[in-house]
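Report on one structure; see the data block that follows.
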Amino acid sequence: MLVALLTGTFMAQFDFFVVNVAAPSIRLDLGATEAELELVVGGYAFAYAGALVLGGRLGDLFGHRRLFTIGMLAFAVTSALCGLAQGPVQLVIARLTQGLAAALMLPQVLALISARSSGHGRARAMAWYGVAGGVGSIAGQVLGGLLVTANVAGLGWRLIFLINVPVGIIGAIAAQRILPGKVVAQGPRPKLDPLGAFGLAAGLGLLLVPLSVGRAAAWPLWAWLSMAASVPVLAATLKWQQLLHKRGGQPILELSLFRAASFRSGILSNMAFMLYFASYMFVLALLLQVALELSPFEAGLVFVPAGVTFSVSALLAPRLAARYGNSALFAGCLTAAAGLVALAVIAGRGGANTSVAAIILVTAIISFGNGFILPSLIGAALRDVPPQHAGAAAGALTTTQQFASAAGVASVGTIYFAAAEHGAGMGMAWAGSVDALLVLAVAAAVGYGVLDHRRSVTAAA
């Protein structure tokens, strides 16, 4: 079951990062403008984030296996549309639909893990979930660069999308045969909230579109107006959710989830972590390719040792957390923060002459800390969620992560570019320092007992 689920996790993360590597080839081949290229990269992200909560609720309503299978097949079809696109507009539309397909697929992964496992089994599953996401992110850099460079059958960048087609079809068949059927849970039957779903998607879209493309467009007026408009839209949606809840309905945002301190603190801690992680990956790629002039494939190879250390620590985390409780997660935070400070110092001093070997060593240390953090935070957030709301909770959590990722790239990326006027190394120094503070914020939450991680591992045992 876990292998089938994590295939979807890997695919969703792979396609989130792989387009960054292929962007120059796409621009040259399709004659895309900079704005169109930004939409190819960012369109997947904000369509994905805007529909995640709805995808999770649909899983609660119609069954997580069914929605995972439909989502994986839809991902294969939309990937084919991406690979066959003959112009930039076609590719943007295909990427938007690909993001919607991912939003159907991914919430079911966390929902099934949460509903079908407990105790140490759930902790191990969350660890493997973290490994799949981390490896998918790095594979997007490494394998994507290799596929584009190899230019198999003259397909070039198209192969990064077309490779999803057989994987998606095989994965969907395996999921239908292996995954458990619908959970029959006590309590009221989940219902759809179309108005709430539309309001949430519209509000997030108004916020995420300018966050995704505003920086490249030099923050035009429409970007600020769009972000400002998102506030009343999201406020009105929340008001509707509260009203629907009082009337005895079932809002798209399951407000009862936020009564649990574990879910509230888990959401906030995941947000802080993803603000750091997405921006860290973004600015590090810029440092490697701009300051050190590595090719996209060479830059991707720098991340390989980091992928190994992340996987090792993520798999060790459940055992150490069961034995040492919050101390293991706290140690992971301090390790990542120390590595970020070291990276800031090395890049700030070295600039264009920074040693690649030193960067590889430091990023491996940072990822070793990350492996203790991310799966643990996800498990802590979902530990008290009832099975009938597993999809809604997974959708809300993943939406928060995607929003934080976009916000992190926009905010910390702005800091990077401002400081990079004095050299890319100085940009990395400032961005790395801010990222270290974000990791320390997670550490503070752990240190003050906001997250009782020992309970997240053992509560359901």
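Nothing in this text is a laboratory measurement; each read-out follows from the coordinates by a stated rule. These numbers were taken from a predicted model, which means no experiment stands behind them. Every residue, glycine among them, receives a Cβ derived from its backbone with ideal geometry; neighbour counts consider all protein chains shown.
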Check: What does the highest-first list of 240-250, 414-424, 124-134, 312-322 look like by mean Cβ count within 10 Å?
Finding: 124-134, 312-322, 414-424, 240-250
Margin query: Below 8 Å, C-alpha to C-alpha, sequence gap of six or more: please give me the relative contact order for the chain in percent.
Written below: 24 percent
Notebook entry, point to check: What share of all Cα pairs of the chain, in percent, falls into each consecutive 20 Å distance bin?
Noted result: 26, 61, 13, 0
Item checked: Relative contact order for region 257-455, counting Cα pairs under 8 Å that sit 6 or more residues apart, in percent -> 42 percent
Item checked: Centre separation in Å (Cα based) which lies between region 65-89 and region 369-418 -> 24 Å
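Can you compute the helix-only [θ] at 222 nm over the chain? Use -39500 (n - 2.57) per DSSP H run of at least 4 residues, normalise by all residues, nearest 500 deg cm²/dmol.
Calculated mean residue ellipticity at 222 nm is -28000 deg cm²/dmol.
Just to verify a number: FRET efficiency for THR149 and THR33, C-beta to C-beta distance, R0 = 25 Å, to 0.05? Numbers along the way, then the final one.
Numbers: r = 24 Å, r/R0 = 0.98.
The calculated FRET efficiency here is 0.55.
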Checklist line | Using distinct alpha-carbon pairs, which all enter the 1/r mean, Kirkwood radius of region 1-181 in Å | finding: 16.3 Å
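Arrange the following residues from fewest to most other Cβ atoms within 10 Å of their Cβ: GLU38, GLU293, GLU254. If you can, show how the numbers build up before the last one.
Working: GLU38 20, GLU293 10, GLU254 26.
With the fewest neighbours first, GLU38, GLU293, GLU254 line up as GLU293, GLU38, GLU254.
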Check: Quick one: if you stick a label point 7 Å off each Cα along the C-beta vector at LEU255 and ALA357, how many nm between them?
Finding: 6.0 nm
Next item on the list: Kindly put TYR44, TYR324 in sequence by how many other C-beta atoms sit within 10 Å of each C-beta, fewest to most.
Entry: TYR324, TYR44
Next item on the list: Quickly work out the VAL89-to-LEU192 label distance, labels modelled 7 Å from Cα along the C-beta direction, and quote it in nm with one decimal.
Entry: 2.9 nm
Check: Between ARG349 and ALA444, how many nm apart are label points set 7 Å from Cα along the C-beta direction?
Finding: 2.8 nm
Next item on the list: Report the one residue of ALA150, GLY121, GLN86 whose Cα lies farthest in the direction of the positive end of the charge dipole of region 69-224 (charges on C-beta: Lys and Arg +1, Asp and Glu -1; origin at the Cα centre).
Entry: GLY121
Next item on the list: Work out how much length ALA236 to TRP224 would gain on full extension: take 0.36 nm times their residue separation and subtract the Cα-Cα distance, in nm to one decimal.
Entry: 2.4 nm
Note to self: Taking the Cα centroid of region 258-293 and of region 160-179, what is the distance between the two, rounded to the nearest whole Å?
What the structure shows: 29 Å
